[in-house]
Amino acid sequence: MCGIAGILKYDNEIVNESEIRILTDLMHHRGPDGEGVYCDGAIGLGHRRLAIIDLSDDGKQPMLYGDRYVITYNGEIYNYLEIRKELEDKGYVFKSQTDTEVILAAYDNYGEDCVNLFNGMWSFVIYDKMKQRLFCCRDRFGVKPFYYSIVNGKFIFSSEIKPILTQHLTVKVNKRILMEYLVLNMSDHTNDTFFEGVNTLAGGHKLIFDLQTKTFNIHKYYTIARNEKLNQLSEQQTLKLFLSEFERSVTWRLRSDVKIGACLSGGLDSSFISAVASRLHNMESGEKFNAITAESLDPAVNEKEFARLVVDKLNLEWHVTSPTTLDFLNDVKNLVRIQEEPFGTPSVYLQYAVMKKAKQNGVTVLLDGQGADEILLGYPRYIGAFLKSLSFWRRFFVLRNITRNYGISLKSILLNYFYFTNVNIRKLRVLSRLGRINKDYLESIDFITVSALSKAYGNLNELQNMEITQTQIPQLLKWEDKNSMACSIETRLPFMDYSVVETSLSINNKYKLNNLWSKYILRKAMEGMLPAEIVFRRKKIGFTAPTKEWLHNTILWNDVMVSPLLNSIFENNISKPKDVNLMWRMCNIALWEKEFNVKG
């Protein structure tokens, strides 16, 4: 796991090492174990290294391959050993034990199609000297970041936004993205960032830059595939397949030359990961598996006792962090700088606290449960779309079990469905929660994504696709990457393995919502591994911060949060809203505006 950056000058002026180091020095946290720069005329590539596999200098980047290719790469290819064996059978000889060298050899042999072989998370740039072009690629779901900008006659890319901003004379806000975050609580649903002129390459896409013509094209190389045959499997066959795929995913993600553990909330997803990973880890090393838990000070959302049940059952090495209101308010400005863009809720800080705790205990790699709810129908909002897919009479049978097994009332289900499928109702509601707002800012809001999402709620497959690729997963992955890398931690996501995703989306939905037990197939897989109190939990809490406590500490709150809001240029265009969540987002915007000196 690393940080990458680069510059390509349109006027063929020479790129100096010092120019690249300005970019990479701002990402020291992403790679404290080493650095490297490669310059060749008008192109310069930079790298910061966090050593995970092959800790020797053989893994140093940018890495050269023969006299033709140079790569700067951030991520992990989990199946690199299997690909390496295939390439060795074709006559390739390797000098290191790194997955980086495997990427280069695979590119040499398969060309751009090599990415279809990779199972992992990545963001890399390969400079092909012979063809005079850059091959830039991001993994299927965008786990690892890739930002780029064209400014002052330069094409600049980086793992973070801060290095790119050093090249912008004025930092300007993207009003549309700002307002869609404030009003709709949406971000990362387009290729635009909160900063005007700074873009992101979408997951599952590649960018090809021709150095001779100084032009580039972006192509989509991955679309989620569903296997209809899996829909016909019995429950037992489905369970066997799911377990096999998931254990393979975890096994590959345990490949590491540094200390490894898991984020453990006490919910279904993190508990299952801990159960599978600790068993496989103990078989290999004989040492206790590490688990990191964030305790919420609000009893209503504190899952610590559930996590304790998991720890006791699995005999884990447990590390608990308990961030206070004072911790949050003291750290929030730093968190805004880490995240680089306004973020959803204060719960992002809980995740950051977990990463800090892991770092303090020498854990460099953490497994986490992102994606499980989206691929296994874990959210209540999926129920309406699921019911619509059933026959009229079957719906009555299923509805009987909603309150008992899902912990949510029938009224809430119906209201949820009505709200999310009616774009005009949703639009009226969100706008009514705003105070006075400048017309210019109001008209910048684009409801296209919300409209598409409302239509998708009528089709479960479309809804899952959209949430995985556009409206839900991208922002969760971004927050996690920035939180983890700020602490020099690599997080790995077994549920986001593309084969696990495709398998889960292909299996019959009745094995995901069986009698309205959410994530039913996951619960069945957990039986025997974990206590019944975990396996058949009804109430879904999620990774939730004690928001009321954190946001109502009047003295510190006024000093840290309200003061920047009063001095915000955006406050002159948007009045103070009454809704507490909108108020949080307004304060977040004000802190972000001040931190990055953003202009309107």
- SER244 closer than 30 Å to LYS356 by Cβ and polar (S, T, N, Q): no
- Query: Is there a residue in the range 324-342 that is touching a Ser or Thr at 6+ places or on another chain (Cβ under 6 Å) and surrounded by fewer than 21 Cβ atoms within 10 Å (Cβ to Cβ)?
  - Reply: no
- Task: Inspect the range 403-420 for any residue being crowded, with 16+ Cβ neighbours inside 10 Å, over 17 Å from THR471 (Cβ atoms), modelled with pLDDT under 90 and touching a strand residue (DSSP E or B) at 6+ places or on another chain (Cβ under 6 Å) and give the result as yes or no.
- Result: yes
- LEU280 vs. criteria in contact with a helix residue (DSSP H, G or I) (Cβ under 7 Å, 6 or more places away or on another chain), among the aliphatic types (A, V, I, L, M) and modelled with pLDDT of 90 or more: yes
- Meets criteria (among the β-branched types (Val, Ile, Thr), touching a strand residue (DSSP E or B) at 6+ places or on another chain (Cβ under 8 Å) and in a strand (DSSP E or B)) for ILE103: no
- Task: Could you tell me whether TYR69 is surrounded by fewer than 19 Cβ atoms within 10 Å (Cβ to Cβ) and farther than 20 Å from GLU490 by Cβ?
- Result: no
- Residue tally, condition surrounded by fewer than 23 Cβ atoms within 10 Å (Cβ to Cβ), part of a loop (DSSP other than H, G, I, E, B) and not small (Gly, Ala, Ser), over the range 161-193: 12
- Identify the residue in the range 432-491 that is of a type in the set (D, E, K, R), surrounded by 19 or more Cβ atoms within 10 Å (Cβ to Cβ) and out of contact with any helix residue (DSSP H, G or I) (no Cβ under 7 Å at 6 or more places or on another chain) and, among all such residues, is farthest from VAL354 (Cα to Cα). LYS478
- Could you check, for the range 106-117, whether at least one of its residues is within 26 Å of THR24 (Cα to Cα) and out of contact with any Cys (no Cβ under 8 Å at 6 or more places or on another chain)? no
- Restricting attention to the range 27-53, report how many residues are buried (at least 16 other Cβ atoms within 10 Å of the Cβ) and more than 24 Å from ASN483 (Cα to Cα). 7
- Message: Within the range 63-71, does at least one residue satisfy the condition of being among the charged types (D, E, K, R) and in a strand (DSSP E or B)?
- Response: no
- Go through VAL354, VAL276, VAL310 for me and flag whichever is in contact (Cβ under 8 Å) with a residue 40 or more places away in the chain, buried (at least 21 other Cβ atoms within 10 Å of the Cβ), over 30 Å from MET27 (Cα atoms) and touching a strand residue (DSSP E or B) at 6+ places or on another chain (Cβ under 8 Å). VAL310
- Item | Leading residue by the ranking (surrounded by the most Cβ atoms within 10 Å (Cβ to Cβ)) among those in the range 287-298 that are within 14 Å of GLY266 (Cα to Cα) and free of Cβ contacts under 8 Å to residues at least 40 places away in the same chain | ALA291
- Message: Conditions first: (1) under 25 Å from GLU533 (Cβ atoms); (2) part of a loop (DSSP other than H, G, I, E, B); (3) of a type in the set (A, V, I, L, M). ALA275 passes all but one, so which condition is the exception?
- Response: (2)
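The values are calculated or read from the model by the stated rules, or taken from the named source; none is laboratory data. In this text the structure is predicted, and so the values were computed from the model without any measurement. Here Cβ is always computed from backbone atoms with ideal geometry, including for glycine, and neighbour counts include all displayed protein chains.
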